Structures are given as C-alpha cells and as structure tokens.
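Structure record follows, encoded as structure tokens.
The values are calculated or read from the model by the stated rules, or taken from the named source; none is laboratory data. What you see is a predicted model; the values in this text were computed from it and never measured. Because the Cβ atoms are built from the backbone with ideal geometry, glycine has one as well, and the counts that use them run over all protein chains shown. Protein only, heavy atoms only, side chains kept; ligands, DNA and RNA dropped before computing areas. Shrake-Rupley method; radii C 1.70, N 1.55, O 1.52, S 1.80 Å.
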There are 4 protein chains.
Amino acid sequence: MSASEPAVRKPKPDRPNNWGRWGEEDERGALNLINRDVVLRAGGSITSGRVYSLGIPIQAHDVPLMAYRGTPMRLTLQDSTDHGTYAPELGCHDGTGSHEDVLVMASHTTSHMDALIHVYGEYQHYNGVDHQAMQATAGATRLGIDKVGGFATRAVLLDMVAFFGEHEEWMLPGHCITANDLESAAVRQGAEIRPGDVVLVRTGYLRFWQDHRDEFAQPGIGADAARWLASKDVVAVGSDNAAVEVVPFDGGDFLGVHKILLVDHGIYLLEFLDLDGPAADGNYEGLLAVAPLKVTGATGSPVNPVFIT
Amino acid sequence: MSASEPAVRKPKPDRPNNWGRWGEEDERGALNLINRDVVLRAGGSITSGRVYSLGIPIQAHDVPLMAYRGTPMRLTLQDSTDHGTYAPELGCHDGTGSHEDVLVMASHTTSHMDALIHVYGEYQHYNGVDHQAMQATAGATRLGIDKVGGFATRAVLLDMVAFFGEHEEWMLPGHCITANDLESAAVRQGAEIRPGDVVLVRTGYLRFWQDHRDEFAQPGIGADAARWLASKDVVAVGSDNAAVEVVPFDGGDFLGVHKILLVDHGIYLLEFLDLDGPAADGNYEGLLAVAPLKVTGATGSPVNPVFIT
Amino acid sequence: MSASEPAVRKPKPDRPNNWGRWGEEDERGALNLINRDVVLRAGGSITSGRVYSLGIPIQAHDVPLMAYRGTPMRLTLQDSTDHGTYAPELGCHDGTGSHEDVLVMASHTTSHMDALIHVYGEYQHYNGVDHQAMQATAGATRLGIDKVGGFATRAVLLDMVAFFGEHEEWMLPGHCITANDLESAAVRQGAEIRPGDVVLVRTGYLRFWQDHRDEFAQPGIGADAARWLASKDVVAVGSDNAAVEVVPFDGGDFLGVHKILLVDHGIYLLEFLDLDGPAADGNYEGLLAVAPLKVTGATGSPVNPVFIT
Amino acid sequence: MSASEPAVRKPKPDRPNNWGRWGEEDERGALNLINRDVVLRAGGSITSGRVYSLGIPIQAHDVPLMAYRGTPMRLTLQDSTDHGTYAPELGCHDGTGSHEDVLVMASHTTSHMDALIHVYGEYQHYNGVDHQAMQATAGATRLGIDKVGGFATRAVLLDMVAFFGEHEEWMLPGHCITANDLESAAVRQGAEIRPGDVVLVRTGYLRFWQDHRDEFAQPGIGADAARWLASKDVVAVGSDNAAVEVVPFDGGDFLGVHKILLVDHGIYLLEFLDLDGPAADGNYEGLLAVAPLKVTGATGSPVNPVFIT
C-alpha cells in the first residue's frame, strides 16, 4: 500500500460482527461497552477483599515460551559495580546506589493481551482495517495496544476443569469447549454473563504444561463458544492456555476463534493467565483491572491482570 | 560476597523504619499493610465509575527518557511480509495472519514502579538486605519486582499544582513539598490518608517537561514529607515527576527520599504517572490497581496503573 | 506473496547490469569477481606492513547514529557481582570469574556493510529477486549478509579531500563526486582500479560531522561515478560518509547510487569507514579483509574492515 | 571500589607472565607482538589465493549456544510494509525501498573473540587490572574489546583431528591436548610457530556437537599446552570448541587455560571457529585478519575471522 493510495474499506463480513457499531473510525472495539454503570457494577462485585495477580513469571525457563518469540531477557543496566561512579556533586553518600535493568521480550510473552491489530482474516482487521496498517518501522498505525489504555470491568471466571471433572487438574488437550458448556458452567456456578464483562476460562493448561512440555494440543474454546461470548457483548476473553482457543483449531480453521473475537467483534484476548488462585478459593466474580503497557504501535503487551474479588 | 559466606545482617537504622516489622525475611515491605479490609474499603471508594489509565506512552520520542537507560524500541517480529509462511496443514486460510513485536526497554522506562531492590543506602536495602543481593546474571535475588505481584488498594490524589497555584499547570522546578504541604492539601481536599493507601502527588512536571526538556530540576517531595507519608503507613507514593522526590535533592542528599521510603520503610515508588485526568475531573479517591510485570529478578517494571474512582 | 505462488522473475533492466552474469540463482553478485589470482595480487599489494582498522566505535554517543535505528546498547550479562555463583564442583577458585555482555544494535549501525537485500528499486533486488524476499520473521530469505561470508581482496583508497583541497579536512556537504573526479584522483595517486578491487572514497565526512551534527547534506559519489565504478568491476565501494552517495541525492533520485551498485550490479557498500589513518600515511593500496557477522537473514552487518598496506 | 580509592596494583604473579612487558598501563597485551615485519611476513604467507571465512552462523538454532547468554535475535527494523512511507520530497520513486534489522546477541555468541577483560583470576586481569574495572553501566573501563581494533598476522592451523586420528571427524570429548602434542603436530605438518602468530587448534568439536548436543565435555588444550603457546609468543589461540581449553578443565582448575593465556600473558582467545575448510584443503598457513566490533566497553565480540592462505 502506498501512502498516497488510501486502503479501500471492504464490505462488512456477512456474519455477526461489530464493525461500524461504534463508528467507522473506531479503534477500541468492545472496550466501548465499558461505561460508568459497568464500572460501578464491577466495583460492587468486590465482596471478599481478595486480590489475585493473574500474570505468570516472565523468565527464560519453566514457563511456556514459543521459540519464534525468542527468550525473554532481563539484563543488568546498573549494579553495585557502578558504586562510586555517581557524581559526588549531587550529594551521593558513600554506600548509596541504585540497581536497574533492561528488558528484552516479545510483546506476546507469557501472560499477555492481544491488541486488535494482532490477527487478521481475509486481509482485514476489526472494523475493516487493512492488514497493511501494520508496518515494520512504525508498528501498528491503527488498532495498536496503545489504543487500549488500562481498563477495569467486572470479570466472571468459569472453571471448566471443575465443570468437566475429566482430570483433577486439567482438561484434556484438544478438548473443544462449546457455547453450551460455557452456559452450563455459568449456570452451575450461579454466574450471569453481562455486557461489558470479561470472561475468564480456566482449562488447567498451565498445570498440564508442567508435565507435558512438548505437547502441541491444548484445550480451549471453539467457534460457537466464541460466537456465544460475542453475543453476550463481552469485552475480552481470558484463559490459562496459549491461544484461548482449542488446538488443533476448531473446524481446522487456523486462528478461527481469534478471527471471530478480535476481527469480527473487536473483543480482546488475554492468554496464559494463572487462574488457579481464585478457582481454588471459589472466588469467581470481581473487578478485573488490565493494564497493558502503552507501547506506541505494539500489537499486544505482557500483562499482569489484577482480579479483585 | 561469596556464595558460601552469608551476608551478615547489619543492625537496624537508628531512625524510624519498618525493618523486621513483618519478619526478618520479609521481601514485600509495606504491601503487607494491604489486607482484606483495606481492599474492601478500596472497592467502596469507587463512586464515579470513571477509570483512568495513569501510564504515559512508551516510545522513543516526546516522552521524558534518561540517556543512560537507552531508547525504548518496539521491533517487528511478524507482519504481512510473513504472509503465506503459515503451514497450510494447520488450516491457515489465505488472507489470515498475525502481527507481533519484540520490546526492548529499561525496566524504569517512562511510567514505572521501583522494586525494593532499586535503591540502597549504607550498602543496604530494606530489611537489611545487602546491596550485593543484586547480581548481574541473576538480577535481584531478593526484593525484586517479582515479589510484588499485582496489587490493589485505595489511592488518594493530592493535587499540589492546585494547592500552590504558583503556575496554572505546574509547580516550579526545585520546589520542595513538605509534610505540612501534603497535610494541608489533604485537608483542603477533604481527604484522609489511611494505612494501606497509595498517595499520588501531582506536581505538573509532565506538562512542564514538554516545554523545558533540558531542565534538570523538578518539583517533588522532600525528606520530611517522605517521613510523614511513612508515618501514615502508606504502601506506595506515586508522582508525575521522574523521581517522586525534589531535584536538586532535599538537603543535598542524593536519592534521600528513595532511601527513606524504599530502604527504611519498604514503601514503593511510582514515577512518571499521568495524573492530569483525575485531577481535571476532581476525582481524588478511588481504587488503584498496579500491575508490574512479573519479570523474575527485575529491579522495577514499567506500569500503567489503573485508577478507578 | 503467498508461499505457493512463486515470484515471477521480471525482465532485466534496460541499463548496464550484472543480472544473470553469474547465473540466474546467484546471490553473491560482484563477490564472484574475487578469484585466487585476485587474492594473490591482493597479498602482493602488502608492502608497508601497516594495518588499519577502519571501523569507528559502536556506542551511544559521539558517533553518527540515525534515530530510527535506535541507540546501540552494551548491557552487562556477567560481572563481579556474580562472584561466588560459579559451581565449586567445576573447580572454580576464589577470585576467578568472567565478564560478559549482550549487544543490541541495528545491523546498519556506524561502520557497516550493506547486503544485496538492503535496497530495492522497481520492487526488485539484484538479479531480479522480488522485494518480498525479505520477511519480518525469517529476515532475508535471499541475498542476506549470510551469503557473503568474509572476503579479502585488493583495495584502493582515493583521497578526495586531498584531491579537491576545498577544505583542509573535508569536502563540502552536498558536493557530488563524478566519474571524472574519481578517475583523475586515481591518476594523480598513480593508482589503477582493477576487477575485483574495493574502492574506498574518502570525503572527510566523519570529521565534518564532529562539528556539524545536525547537517543533513553530505558529500559523496553521484550516479555516473557509480556507473564508472561498476564498469571497472569493483566488488564493493566504501566511504567515510553515511550512504556512500551524495546527499541530497544526485538527480533527486532517492538512493539512486545504492540502486546502481547494489541492485543493478550486485556491488556492495561499506559505510562510515574511518579512512583517516591510511590517508595520513599515504598508504593507498593494500589487502582489505571484510568480515560481516554471519547473522542468518540479516540485511547487513556492522563491520570493522582490516586494511593491510 | 569507590571511585576515590584507586585500586592497589597487586604484585606480578610468581609464574611466567607478560605483565609490565609493554608498560604498566598497557591494555593490548600480546597484540604488541605484531609489528611491520610480522605483518609483511604474514602477507608473504599467502600462497594459494584461497580465502576462508572462519565464523559460524549467528542464529537461534542448530549452532552451539549457552542458555545463560540468551538466544541471538535478528529483528526487522524496515521491510516492504514500510513501502510508501519514505518522504517523496527526497525523490523516492515508487518501488524503491530498503530493508534493515536490529540484532540482539551476546558478545560471546557463536564465533567470538575474548577481550582481555573477559576472565580474571585472583581478582585480577592481565597487567594487574582489578576485576572491578568492569562496571555494569560503563562496561569494561580497561582491557575492553575496543582496545583491540582489527588486526592481521600470520596464523598456523594445527589439525589435531588428523594428528590423533582417534575418530575420523573429531577428537574425543575430554581429550586434553598437551604441549608435546602441539609441538609434534607442528613438526608433522612442517609448521613453525613464530612470535606474533595466531595458532588455530582444530579438535573437530563443531562436528561432534552436531550429534551430541547435550554433551558437556569437549576436547581442547590443557595448561602446559597453554604455557608452551605463551612461551612461543603467540598473539591469540583459536579453536573450534567452546572454550579453547579442554572440559572438564585440566587439573580441575576452572578456566585455568583462560587464566594462563588472557590473565598471565595478555594472549587472546578465539572460540567456535570453523576450521574444516582450510584443514580439508591442507592449507595450514596464511594471513589471518580478525575484526572484532569496536563496541565501547565490551568484553568480547562476535567475529568472522578471514584466513587467507
């Protein structure tokens, strides 16, 4: 695409979608569903006073990493070998100093949030944005993670490990969660999914991974579950697995759930979340604060969502 | 320090401190002040339904950066030039693809949180941890940002720009905020600082910086303000400036406020926060969720705190 | 370009070129001109026993850097704070240890070599390779720096500062060097350009830059000089400026000299070389060894050419 | 070490060494042995006209990497998705563009050169430099790779695989090469080691590694071989293994050969060199050009030595 020829906006997909719902130029998608009432209701869902940090560690070992994303590195920028190099004219006392690092990591390392620019189908992103809106030098010129800010809303955790009970700690790899499964689990937990919610789907994958590090398959939601969640007007879907969606892909459609959620509906994905703590405590509802780094032009961000129940 | 000879714990400082208050081996400091009652009270402080993202952008230009920390980079890992490289055996449709990045940035880039390992005085960190607990390869073996997790508590914003009124948009560089100033501002705002709170101090520095990029001095709190905040049992102090504390340093003591807060009391610092939004709306109280990345061994983390008022 | 549809090879340009000269699949271009006779002749050109390292420092300051390439960083991987962490079972004596770094830098940082994949014109690289042979994840699938290896050949330094004498230390910015200028300078120096040679063009730019860091223009060769060099069957052209070619570009053609050399002829470029030493000593001929890093898929490499006269 | 208290220079070791030989402040060690006669002699050793690039690829897979050094990354800075973003005012024609990368890699990645600051023993480096001359922020304040420049001298390849003949392609892991072995191999090859030479020791390790990637042990030289090489006044020792020296370490002394060569004698090490080409051709002597990147303060550099026989 030359800078001088604007991308022609393609027609809306002929399936349920949110394109144009919040304006032709909208770049925030389902985040538009969060209004002051939703936030106040989220505040009201805090009843136990327990806070869960849903991020898993960012480190080079013992966490699931994908080889093409490289190995996250924490490198030392300042340590005690720099002692004595601070200018005494600034009043630096002997024995005073500081420690700092530089971080090198993929934006989709361990626990992370996908921006709407992350995946495209039929060469298009959410709201008809052409896939060439991502440029190597500038990064995401539209739909980047910098359009998200931080957000807070109500979240409901659906513990599908408990629901299926097929293994004490995890769902079987390749097990495809359906809309009916999610609905039934919600009913059993007495939870109601409301517009503006985040739904957190626990599959036990992070526990499974500990002992099956070479297994490619994973449990996750399928296409009709994604459509059902979209019909409920959720803002984001989080899971403890690598891709929210089941692998091998439902219907053999590569990134099919990503396309339904991100592309068709502007609904965000949160991956590799540690959902064990609230599940163990039976704390299924609360306020979820998600704070992606505001990296200009990035396609996602590592996150450490805070779940306050 | 050889691995075989354990560091001798030095005596507690002969000034107010929290060493030993939560155990000799404690690595979380003032975060211990957040209990279920504090969280429930924070939830109760959500009254407007407004959510503010306090992080400023992470980018190479037009944000305050310190040269020794390098320039943050977002580099492209995947874009549309990779189109067609996805294995068709995974069911990849023509026109489907994804976009990803790699991030390179200092852990103390733009809006960030200092871990307790960040600063030492008299060769010691909080709770008597030797400054050699930071190692180049391993990073922080104690008191690292990975000990924080994410947290949520009540926050009170003190708008010192409005309090002093010396300039419409900012406090003057070098203006040292005292304990009395903070206390008076709190009274004027009708705010009460309680144990477990975060206090956010607005100086207008980020606005000042836009037009004075080479100015070294900045407004910020001084030593007695730091001691007063510590006496109030706050968990963290945030500000819109580079160091929370006034520069030139109060009393000519390099990093003096860092040493009172981080070292003596285990109280965290949040720097380069954008506090303009809630100040403009007069929303001074709410729940603050802070979610540093769980980078094992890091001395801090970029953050994008979410303030829900 | 989908992986399944091979790029259609476009017709050769209707101007002098080396496409097809060394086979339709050739990826090394003018390096094919170096044969054993050329190398032996280069060895014979060593007469003074002086060795010059032509690279300039790689560091964050006081060297010409382009902002979009980021700031090069040397970060500490190991230092004396790691002392004592080596496993004593490996026989590590007290007092023994090692120091290491991690480097982060653009492949075209300071003194560097352009691979043939670096620049394209009419969407094509040397030998008709489509510009989509560069992919974000894989990098250069053809014509990358990894196709170069290290090479050695005879080099001739043309000191254009001395030739023009318009300023004691540098040529004026924007001064376009012509074929006639190069030829006359060679005659005056008594130098003959032969097939397989590298020609090093000294403009004094690195000295000029020290005092004119914001100046965009630079002296360098123009289009007919590039064509003349190509007609001489040189392997590479090096210079002490940022782009070998004059800026503003000769004839207003963005990267025009790059296109004549890299694209049309498969002739390599070496930029930001320090040519002051051999020029000061009057050592204009010798063996030049150029050793780009063998980074798979890279578009260039920092280099530190060794000129043995 | 405080900046104000200069390190006390410790006494010279009571074993053969080069401390003080080239001055108390010398930072180049055995490189001082290369004079014009040595270079001219090296030029005279070029007899076959063959050029060998001794570096192995820098990539994330299929090359020996050490986990603590991270995985080398080539990341895309510019590709064809940036097409059209060049300012037309610079004369950018449609279809013209460029490709660039950013590199992230350890300074001791794959084929590399150790600077004299790399290893210390008894808390000291070559010439009595204290181990605290390496600082996290500044890097090597003395003895860094930036003190090397590029160099060229005569090199002699000793093919110990052929000498021992214990396996067609490699020496056995843990096989310690003695001074007598090196001397006998030189005699059998008709090679003479002279002051100022580089000696290249081929063990076949890179071939062995291909099929034994988890093997820790490797063949290499032992302590008396190192002392013998030092007595011959060599400038550097290169090998195809990870550490030049045998592992497990000779005499159980961790990095013992590094200490004899780097620390005691200021002799450099070149590791992970591909020596198969010249060995296969029987080209054992020639001029070796080594061009470490001039990264200010680095402890080593990836290299791609050029061997011209």
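Some observations on this one:
- Number of positions in region D:158-192 that are of a type in the set (Asp, Glu) and either closer than 26 Å to D:Gly43 by Cβ or not in a loop (DSSP other than H, G, I, E, B) (or both): 4
- Verdict on B:Gly128 being more than 10 Å from chain C (Cβ to nearest Cβ), farther than 20 Å from B:Val295 by Cβ and at pLDDT below 95: no
- Residues (open to solvent by less than 10 Å² (accessible area, probe 1.4 Å) and touching a residue at least 60 places away in the same chain (Cβ under 8 Å)) located in region A:160-170: A:Val161
- Among the conditions (1) farther than 30 Å from D:Leu31 by Cα; (2) modelled with pLDDT of 95 or more; (3) part of a helix (DSSP H, G or I), C:Leu40 misses just one, which is (1).
- Considering (1) touching a residue at least 60 places away in the same chain (Cβ under 8 Å); (2) surrounded by fewer than 21 Cβ atoms within 10 Å (Cβ to Cβ), the lone condition that B:Gly44 does not fulfil carries the number (1).
- Residues that are within 26 Å of C:Asn32 (Cα to Cα) and among the small types (Gly, Ala, Ser), drawn from region C:243-255: C:Ala243
- Subset tally (residues that are surrounded by fewer than 24 Cβ atoms within 10 Å (Cβ to Cβ) and closer than 17 Å to D:Val161 by Cβ) for region D:209-221: 6
- Checked against (1) in a strand (DSSP E or B); (2) touching a strand residue (DSSP E or B) at 6+ places or on another chain (Cβ under 6 Å); (3) more than 8 Å from chain C (Cβ to nearest Cβ), D:Arg154 passes all but condition (2).
- Lone qualifier among C:Pro278, C:Pro302, C:Pro292 - being away from every other protein chain (no Cβ under 12 Å) and not aliphatic (A, V, I, L, M): C:Pro278
- Total residues in region D:97-111, condition facing another protein chain (nearest Cβ under 7 Å) and farther than 26 Å from B:Gly70 by Cβ: 1
- Given (1) of a type in the set (A, V, I, L, M, F, W, C); (2) outside the structural domain of C:Ile221 (by TED's automatic domain parsing); (3) more than 21 Å from D:Gly300 (Cα to Cα), number of the condition C:Phe151 does not satisfy: (2)
- Residue list for region A:112-124, filter: closer than 28 Å to A:Tyr52 by Cβ and within 8 Å of another protein chain (Cβ to nearest Cβ): A:His118, A:Val119
- For region A:72-96, the tally of residues that are facing chain D (nearest Cβ under 10 Å) and assigned to a helix (DSSP H, G or I) stands at 4.
- Residue match in region D:2-11 (condition: modelled with pLDDT of 95 or more and of a type in the set (Lys, Arg)): no
- Number of residues in region B:32-43 that are closer than 14 Å to B:Ile308 by Cα, of a type outside the set (A, V, I, L, M) and within 8 Å of chain A (Cβ to nearest Cβ): the value is 1.
- Residue match in region D:110-127 (condition: within 21 Å of C:Gly84 (Cα to Cα), touching a residue at least 60 places away in the same chain (Cβ under 8 Å), of a type in the set (D, E, K, R) and open to solvent by 10 Å² or more (accessible area, probe 1.4 Å)): yes
- Qualifying residues in region A:253-275 (those that are within 18 Å of A:Glu122 (Cα to Cα), open to solvent by 10 Å² or more (accessible area, probe 1.4 Å) and among the charged types (D, E, K, R)) - the one farthest from the other protein chains (Cβ to nearest Cβ): A:Lys259
- Looking across region A:130-148, the residues that are closer than 25 Å to A:Ala230 by Cα, touching a residue at least 40 places away in the same chain (Cβ under 8 Å) and not in a strand (DSSP E or B) come down to A:Ala133, A:Arg142, A:Leu143, A:Gly144, A:Ile145, A:Asp146, A:Lys147, A:Val148.
- Scanning region C:222-252 for residues that are open to solvent by 20 Å² or more (accessible area, probe 1.4 Å) and of a type in the set (Asp, Glu) returns C:Asp224, C:Asp233, C:Asp250.
- Flag for A:Gly23 being at pLDDT 95 or above, under 20 Å from the mean Cα position of the chain (by Cα) and of a type outside the set (D, E, K, R): no
- In region C:12-39, the qualifying residues are those that are more than 15 Å from C:Gly149 (Cβ to Cβ) and touching a Ser or Thr at 6+ places or on another chain (Cβ under 8 Å), and the one that is least open to solvent (accessible area, probe 1.4 Å) is C:Val38.
- Residues in region A:49-71 that are open to solvent by less than 20 Å² (accessible area, probe 1.4 Å), within 7 Å of chain B (Cβ to nearest Cβ) and either farther than 15 Å from A:Phe307 by Cβ or more than 20 Å from the chain's Cα centre (by Cα) (or both): 3 in all.
- For region C:287-300, the tally of residues that are open to solvent by less than 10 Å² (accessible area, probe 1.4 Å), at negative phi and touching a Lys or Arg at 6+ places or on another chain (Cβ under 8 Å) stands at 4.
- Of all residues in region B:193-208, those that are in contact with a strand residue (DSSP E or B) (Cβ under 8 Å, 6 or more places away or on another chain) and surrounded by fewer than 21 Cβ atoms within 10 Å (Cβ to Cβ) total 2.
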